[in-house]
Amino acid sequence: MKLLMLMVDGFEDVEAIATMDVIVRGGDEVIPVSLMGRKEINPKVFPKATVDYTIDEINYTKFDGVIIPGGPGSFKVMPDIPVVNEIIKYFAGADKLVAAICAAPHLIGKLGLLNGKNFTVHPGFEDQVIGGNYLRSSGVVRDGNFITAKSMYYSIEFGLKIHEFFHGTESKNKLELSLQGE
């Protein structure tokens, strides 16, 4: 599988890197793509990150799913970038994976795409989700082709749930054991 990861200034470092690490260890490809119009991005914690592509250099319809890390960038930068909504709507409409962690699930929810679905999100953003069933006590939730996670603490579990989406529970369990050194 080939997955698109949307990157902006202020992304949560752990949510992007840990999730990507788990997915790559599971044998899939994650392509981080800048929405900033430049390849250098300023994460929340570390001074800078560099990606190989900007959104204008790729065809997102060729990917099997989209992953959206949280952090301040997901609520201070992404809402002002029109292609974010376009990408989310494309993947949701094509019944492809739409995965978001921390505050980022609000981007899906404000479009009404989680209406009638179970989800989680960083506390404080649940009111921006139209019509969904907020599972506050859940760290990671899958409902159909949507996977949402509450915070950076759940980044590895989030990556495992994404792997499970494509490869099933048995493969996910094997990957999880390998991450534990078993």
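Table for the structure above
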| quantity | calculated |
| --- | --- |
| For PHE46: the one exception among (1) at positive phi; (2) modelled with pLDDT under 95 | (1) |
| Whichever residue in the stretch 31-68 is of a type in the set (Phe, Trp, Tyr) and under 21 Å from GLU86 (Cα atoms) and, among such residues, is least open to solvent (accessible area, probe 1.4 Å) | PHE63 |
| Tally, over the stretch 105-121, of residues that are surrounded by 20 or more Cβ atoms within 10 Å (Cβ to Cβ), out of contact with any strand residue (DSSP E or B) (no Cβ under 7 Å at 6 or more places or on another chain) and aliphatic (A, V, I, L, M) | 1 |
| Criterion (farther than 15 Å from PHE165 by Cα, touching a residue at least 60 places away in the same chain (Cβ under 8 Å) and assigned to a loop (DSSP other than H, G, I, E, B)) met by exactly one of GLY10, GLY73 | GLY10 |
| Evaluation of PRO69 against (1) modelled with pLDDT of 95 or more; (2) out of contact with any helix residue (DSSP H, G or I) (no Cβ under 8 Å at 6 or more places or on another chain); (3) not aliphatic (A, V, I, L, M) (one fails), failing number | (2) |
| Residues being touching a Gly at 6+ places or on another chain (Cβ under 7 Å), buried (at least 24 other Cβ atoms within 10 Å of the Cβ) and not basic (Lys, Arg) - total across the stretch 122-153 | 3 |
| Among (1) of a type outside the set (A, V, I, L, M, F, W, C); (2) closer than 19 Å to GLU12 by Cβ; (3) within 15 Å of the chain's Cα centre (by Cα) - the single one GLY124 does not satisfy | (3) |
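The values are calculated or read from the model by the stated rules, or taken from the named source; none is laboratory data. For clarity, every value in this text was computed on a predicted model and none was experimentally measured. Note that each Cβ is placed from the backbone with ideal geometry, even for glycine, and that neighbours are counted across all protein chains shown. All accessible areas refer to the heavy atoms of the entire protein, side chains included, with ligands and DNA or RNA removed. Shrake-Rupley method; radii C 1.70, N 1.55, O 1.52, S 1.80 Å.
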